[in-house]
Amino acid sequence: MLVVHSKEELAEQLVEWRGHDEHVALVPTMGNLHKGHLSLVRLAREHAERVVVSVFVNPTQFGEGEDYESYPRTLERDKRLLRKTPADLVFAPGVETMYPSGLEMATTVSVPGLTENFCGASRPGHFDGVTTVVARLFAMVRPDVAVFGQKDYQQQLVIRHMVDDLNLPVAVITGETVREDDGLAMSSRNAYLTDDERAVAPQLHETLATIGGELQNGRRNFEDLEEEAVSRLASAGFDVDYFAIRRAQNLESPDRDCDDLVLLAAARLGKARLIDNIVVTI
Ligand code: PAF
């Protein structure tokens with residue numbers, strides 16, 4: 001497995017692979033990898049002969065007071081995991097490689113509409129940072145396929161929209177959320193949970209599953225169901241950011257006949273902001 005830090009080294013390897021007509025899949029990450037990331041790397045392998053994993057803690061997607069400085073940077077461990085999985089190449093650029101004009105002068109890619117609610121409302125500017133860095137990674141790697149996790153449901157919809165709207169020649173694939181045995185979605189930020197908070201955390205997924213079950217049983221009073229979920233989570237000790245039932249395709253409000261729904265939730269437990277979702281097809 002190659003590890004490169006510059007776009008020139010990356011380009012050199014890509015030219016060689018393309019010379020052999022090999023397809024390239026990209027799995028963008030911020031490192032501190034867990035089983036969820038590794039499942040995306042394995043999924044990438046099903047779609048291309050070569051798999052590139054980028055490891056870059058992207059400053060432009062963190063808001064003021066968020067955890068950019070303290071976000072765990074564990075490249076040596078990440079490389080060990082990726083060697084075993086395996087990936088073919090790790091691209092671990094510095095900030096100056098990803099933003100050569102500096103952060104202030106960086107060209108920004110922004111997707112309106114889809115980014116206004118949910119995580120976009122709670123984390124202003126977050127999705128601009130995500131689409132900007134993903135567009136830059138796409139320009140450097142020029143992948144045939146790019147893989148994102150369903151756990152960041154809104155993010156993968158935003159990226160799909162960017163790809164369609166800019167006509168970028170990349171197929172976006174979404175990999176299933178990987179969960180701990182008790183249902184908690186794997187996330188680098190779970191490490192922020194204390195033991196007591198960790199014991200409560202699975203209730204986020206349990207609540208999504210319970211409300212999903214109510215929908216499967218025919219309930220369609222979406223607002224009541226959202227309120228029930230929020231009060232259940234608040235009683236368990238979560239500081240609820242949002243719990244929403246939306247159209248899976250575009251996050252718009254559903255009507256009673258909509259049969260593809262996504263249930264989205266974000267809630268804080270102490271220092272950790274947890275997000276999760278489930279898709280319910282009726
Ligand atoms: O999902 C993430 O880890 C990040 O938002 C991404 C897609 C790697 C962009 O920095």
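Given (1) touching a helix residue (DSSP H, G or I) at 6+ places or on another chain (Cβ under 8 Å); (2) under 17 Å from A87 (Cα atoms), identify the lone condition not met by Q61. The single condition Q61 does not satisfy is (2).
If you go through the range 34-61 and keep only what is within 24 Å of L184 (Cβ to Cβ), out of contact with any strand residue (DSSP E or B) (no Cβ under 7 Å at 6 or more places or on another chain) and within 10 Å of the ligand (Cβ to nearest atom), you end up with V57, Q61. When A234, A267 are checked against the criterion of being surrounded by fewer than 17 Cβ atoms within 10 Å (Cβ to Cβ) and either under 27 Å from I159 (Cα atoms) or aliphatic (A, V, I, L, M) (or both), a single residue qualifies: A234.
Among residues of the range 118-149 being part of a helix (DSSP H, G or I) and away from the ligand (no atom under 12 Å from the Cβ), the one that is nearest to N250 (Cα to Cα) is G120. One residue is enough: does the range 139-147 have a residue meeting the conditions over 16 Å from the mean Cα position of the chain (by Cα) and crowded, with 21+ Cβ neighbours inside 10 Å? Checking the range 139-147: at least one residue is over 16 Å from the mean Cα position of the chain (by Cα) and crowded, with 21+ Cβ neighbours inside 10 Å. Can we say A209 is surrounded by fewer than 18 Cβ atoms within 10 Å (Cβ to Cβ) and more than 16 Å from the ligand (Cβ to nearest atom)? Against the criterion (surrounded by fewer than 18 Cβ atoms within 10 Å (Cβ to Cβ) and more than 16 Å from the ligand (Cβ to nearest atom)), A209 qualifies.
Tell me, please, whether a residue that is within 13 Å of the ligand (Cβ to nearest atom), in a loop (DSSP other than H, G, I, E, B) and touching a residue at least 24 places away in the same chain (Cβ under 8 Å) can be found in the range 97-114. Among the residues of the range 97-114, at least one is within 13 Å of the ligand (Cβ to nearest atom), in a loop (DSSP other than H, G, I, E, B) and touching a residue at least 24 places away in the same chain (Cβ under 8 Å), which makes the answer yes. Among the residues of the range 15-33, how many are more than 16 Å from the ligand (Cβ to nearest atom) and surrounded by 20 or more Cβ atoms within 10 Å (Cβ to Cβ)? Number satisfying all stated conditions: 1. Pairing each residue of the range 179-190 that is under 17 Å from V55 (Cβ atoms) with any residue that is hydrophobic (A, V, I, L, M, F, W, C) and not in a loop (DSSP other than H, G, I, E, B), provided the two are 6+ apart or on different chains, yields C-beta distances under 6 Å for R189/A272.
Going through (1) closer than 30 Å to Q13 by Cα; (2) crowded, with 17+ Cβ neighbours inside 10 Å; (3) acidic (D, E) one by one, E197 falls short only on (1).
Residues that are over 20 Å from T131 (Cα atoms), aliphatic (A, V, I, L, M) and at pLDDT 95 or above are absent from the range 55-71. Of the candidates G175, G113, G125, G120, the single residue that is among the small types (G, A, S), modelled with pLDDT of 95 or more and in contact with a Leu (Cβ under 6 Å, 6 or more places away or on another chain) is G175.
Scanning the range 252-282 for residues that are free of Cβ contacts under 8 Å to residues at least 60 places away in the same chain and in contact with a helix residue (DSSP H, G or I) (Cβ under 7 Å, 6 or more places away or on another chain) gives P254, L261, L263.
The values are calculated or read from the model by the stated rules, or taken from the named source; none is laboratory data. The structure presented is a predicted model; accordingly, all values stated were derived computationally and were not measured. A quick note on method: Cβ atoms are made from the backbone with ideal geometry, for glycine too, and the neighbour counts reach across all protein chains shown.
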